[in-house]
Amino acid sequence: MILVFGSLNMDLVLAAAAIPRPGETVIGEGYRTLPGGKGDNQAVAAARAGAQVAMAGAVGDDAFGRALTGNLRREGVATDLVATADRPTGIAMITVDPAGENAISVAAGANLSIAASAVPDAALTPETTLLMQMEVRPAENWALLERARGRGVRTVLNVAPAAPVPAEALEALDVLVVNQHEAAAVARHLGLTSDGAAEETARALAARAGLTCVVTLGGDGALAVADGALWRVAALAVEPVDTTGAGDTFTGVFAAGLDAGLGLGETLRRASVAAALACRGWGAQDSMPRAADIDAALDGVPLPQAAA
């Protein structure tokens, strides 16, 4: 089972001719409200990929909160550990340009009320894959990670948005998932130096913390370093409409592959294919693929092999 400890936001998505620069106003015709938040997104992505998923988080006592929990239940995600907080439900304001690129501003709201103590020990077993991100208070992540490590839980952290991660937290992790910017930020905080290349940074982080380091590369696919071996996976060729949620789709499907006991190469391939498929429609969740969609597109990406 996958336990996602993280954020739930309602996304307000605006299509515009361009992403505004500082001081600039850009007019769009309208906007849509769509379920989001990195925790919520990754939970839905994992569930659609076929995993059994539970969500731990918080929403406000408001219409957005009720809509988010209802959506999770429709997706087959258990919401027993989603609390109702005094703060309003978190929101994200997303501007998307015609090329599918986006700019996002987030108001955390109820996500700041999430507490590691709300997750019972019974939810932390050797059969659990714990998946975390960085849209809740970092100290709550580290507190839950420490408990999970002591109970034999497989642990996955997506450092998104980019933020410092204490060395002791990294050393308690099994898998670190980052994009190139996030990888560089984590490495700098640890005092690691590199020439900026994703492979070198991944190798340094994997060696420093004794974990599997996965770096997503957008249209260039992704790479992973595990036990000194390098894995590279290509991206599926698609015409992007909106890249919102592509990284969350990758991470959720990657966690689902680990939870299902798949090898690292196959797990990377499924995650890369799913992330590309998620770029073909609007919003973070509406375009997330299901297991059958991923299966049907797998031939478009070669199965990666380990290299020294």
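The values are calculated or read from the model by the stated rules, or taken from the named source; none is laboratory data. If you're wondering where the values come from, they're calculated on a predicted model, not measured in any experiment. Reconstructed Cβ throughout: ideal geometry from the backbone, glycine too, with neighbour counts over all protein chains shown.
Under the condition of being touching a residue at least 24 places away in the same chain (Cβ under 8 Å) and assigned to a helix (DSSP H, G or I), the residues counted in region 273-301 number 13.
Looking only at region 161-178, decide whether some residue is more than 19 Å from the chain's Cα centre (by Cα) and surrounded by 18 or more Cβ atoms within 10 Å (Cβ to Cβ). The answer is no, given that none of the residues of region 161-178 is more than 19 Å from the chain's Cα centre (by Cα) and surrounded by 18 or more Cβ atoms within 10 Å (Cβ to Cβ).
Starting from residues that are modelled with pLDDT of 90 or more and among the β-branched types (Val, Ile, Thr), keep the ones in region 1-30 and report whichever is surrounded by the most Cβ atoms within 10 Å (Cβ to Cβ). Top of the filtered list is 4. Residues being among the β-branched types (Val, Ile, Thr), at pLDDT 95 or above and buried (at least 16 other Cβ atoms within 10 Å of the Cβ) are represented in region 36-50 by at least one member.
Quick test for you: out of 230, 223, pick the one residue that is under 13 Å from residue 304 (Cβ atoms), touching a residue at least 60 places away in the same chain (Cβ under 8 Å) and in a strand (DSSP E or B). When all the criteria are applied, what remains is 230.
Before we move on, is residue 71 over 16 Å from residue 256 (Cα atoms) and in a helix (DSSP H, G or I)? The answer is yes for residue 71.
Of the listed requirements (1) within 30 Å of residue 14 (Cβ to Cβ); (2) buried (at least 17 other Cβ atoms within 10 Å of the Cβ); (3) without any contact (Cβ under 8 Å) to a residue 60 or more places away in the chain, residue 267 misses just one: (1).
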